[in-house]
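Notes follow the structure.
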Ligand code: LLP
């Protein structure tokens, strides 16, 4: 077990293992950079979430946030587990349907949806989570023109401030997401009056990588105020309350440990209070975890190309950069790094791990204590299952890596490594330029 990660271990050769498979062997077989996902870990975390949120009298549904990891195999695993899906684009919606999610288990959220996206959502019959009064008007027009019935909810901005990276806070009063609480009555009244719309629920999502359960209680309390006024002033009984995702995980041993149960308890404290006080019928509760389910299931294996000492720092240059793992650059995110082929050696020096993208900002990890690292060693970045591969790009004209799934001690490719041909496949040199 590496830290708190039961699916990672060290074998007799001193190699890192994931799900019982030698990570160094995987790097040799499939080359690097390589993402490796442990199937059992995804399943375990999903079940943990279900157990933590199960409450008597409440129908709780997990809508996996597909944006965290949209690998079809991962989606399929979660579908098999019984999850629903939270999607935000045509691609995600099609991917979810493709692997077998039922339309009635899908919620489509997005802060500005195109007409094409709205139409696809209408045709598919998923819940459309509206983000503004303007979007409501557009949807009404589309429904009237095409004679569709739409199942809708509204995303409410509860105006709370979670302690997370500023780019990951989505429910601040000045955020671009959702309608303001003060607009809710007008929005729901307009939706309820339209014969093409079926008002089904209400939604919030306050941010991501949140490690403070109290902020959920505060936000859910505000959301429930809106739920109550919809009931009391408009007579609307909502079928579901979606409290979003964002439950944080421990990237470093120093991160605060918050169990998923603590998040569930905080949210239910607010919901129960309102349900009891206002004698509401217990609604279905939706949650949209992404990171919590897939975050620690995956490692990124990279190879050391060069070791460079300067008077200021020792750089370990690896064969991946922010094109492969964007989080350190984008959010100053911390990912634990281990030397996969020297797991039994003690830390010897403090090094900085430099990516191979031609930009100064491309540092994947700063000032890490590692065993003496040499060229050819394999490093593993841990906890890269959420927003890892899916945020990778082809910047610097490098193909995106392969993804391998480890399943009961056996490894299998779930996404091929891209090739140079993939890089140029969509490129066209106009005839005019050919002479
Ligand atoms: N629901 C909605 C409406 C969302 O926008 C998100 C994430 C989630 C659920 C799932 O949040 P989670 O449980 O995974 O925290 N790229 C960033 C994270 C961006 C999150 C965007 N929305 C990162 O690498 O940390």
With everything on Cα atoms, drop me the angle between helix 39-53 and the longest principal axis of the chain, reported from 0 to 90° to the nearest 10. 30 degrees
Classify segment 1-92 as rounded, prolate or oblate, taking a ≥ b ≥ c as the square roots of the eigenvalues of its Cα gyration tensor: rounded when a/c is under 1.5, otherwise prolate if a/b is larger than b/c and oblate if not. oblate
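How high is the relative contact order of the chain, given as a whole-number percent (alpha carbon pairs under 8 Å, six or more residues apart)?
About 19 percent, as a whole number.
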Using a Förster radius of 25 Å, what is the FRET efficiency between residue 277 and residue 234 based on their Cβ-Cβ separation? Nearest 0.05, please. 0.85
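Which of rounded, prolate or oblate describes segment 61-179 when judged by the alpha-carbon gyration tensor and an a/c cut-off of 1.5? Let's see the in-between values first.
Numbers: a/c = 2.14, a/b = 1.04, b/c = 2.07.
Judged from the Cα gyration tensor, segment 61-179 comes out oblate (a/c at least 1.5, b/c at or above a/b).
What length, rounded to one decimal in nm, is gained on full extension from residue 397 through to residue 424, with 0.36 nm per residue of separation minus their alpha-carbon distance? Provide the component values of the computation, followed by the final result.
Working: separation 27, 0.36 × 27 = 9.72 nm, distance 0.92 nm.
Stretched out fully, the residue 397 to residue 424 stretch lengthens by 8.8 nm.
Counting DSSP beta bridges with both partners in segment 109-289, what percentage is antiparallel, nearest 5?
Working: 1 of 21 bridges.
Just about 5 percent of them are antiparallel.
Among 175-187, 279-291, how do they line up by average Cβ neighbours within 10 Å per residue, starting with the highest?
Numbers: 175-187: 16.7, 279-291: 20.2.
Highest to lowest by the protection proxy: 279-291, 175-187.
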Cβ neighbours within 10 Å, averaged per peptide: list 4-14, 100-110 in order, most packed at the top. 100-110, 4-14
Nearest-ten-degree value, helix 133-146 long axis tilted from longest Cα axis of the chain: 80 degrees
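Rounded to the nearest 5, what % of DSSP beta bridges with both residues in the chain are antiparallel?
Working: 33 of 72 bridges.
If we restrict to bridges inside the chain, about 45 percent are antiparallel.
Expected output is a single nm value to one decimal: the length gained when fully extending between residue 369 and residue 12, i.e. 0.36 nm times separation in residues minus the C-alpha distance. What is it?
Numbers: separation 357, 0.36 × 357 = 128.52 nm, distance 2.25 nm.
Length gained between residue 369 and residue 12: 126.3 nm.
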When the helices in the chain are scored as -39500 (n - 2.57) per DSSP H run of 4 or longer and the sum is shared across all residues, what 222 nm value do you end up with, to the nearest 500 deg cm²/dmol? -9000 deg cm²/dmol
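Using mean Cβ contacts within 10 Å as the protection proxy, how do 267-276, 391-400, 236-245, 315-324 order, highest first? Intermediate results must be reported in sequence, preceding the final value.
Numbers: 267-276: 18.1, 391-400: 15.8, 236-245: 22.2, 315-324: 23.7.
Result, highest mean Cβ count within 10 Å first: 315-324, 236-245, 267-276, 391-400.
Normalised by the residues of segment 109-289, what does the relative contact order come to in percent, with Cα pairs under 8 Å and at least six apart? It would help to have the intermediate numbers written out before the result.
Numbers: 324 pairs, mean separation 35.2, N = 181.
Once divided by the residue count of segment 109-289, the mean separation gives 19 percent.
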Quick check: from the Cα gyration tensor, does segment 308-358 come out rounded (a/c under 1.5), prolate or oblate? oblate
Once the Cβ-Cβ distance between residue 412 and residue 435 is put in as r, and R0 is 45 Å, what FRET efficiency do you end up with, to the nearest 0.05? 0.40
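Counting only DSSP beta bridges with both residues in segment 260-403, what percent are antiparallel, rounded to the nearest 5? Please report the intermediate quantities before stating the final value.
On the way: 17 of 20 bridges.
Bridges in segment 260-403 are about 85 percent antiparallel.
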As I understand it, the value is the acute angle between the Cα axis of helix 72-81 and the longest principal axis of the Cα atoms of the chain; what does it come to in degrees, rounded to 10? 50 degrees
Inter-part distance where segment 371-435 and segment 141-209 are each reduced to a Cα centre, Å: 36 Å
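Laboratory data are not the source of any read-out in this text; all were calculated from the coordinates shown. Computed from a prediction, not measured in an experiment: that's the story for all the values here. Glycine also receives a Cβ, built like all others from the backbone with ideal geometry; neighbour counts cover every protein chain displayed.
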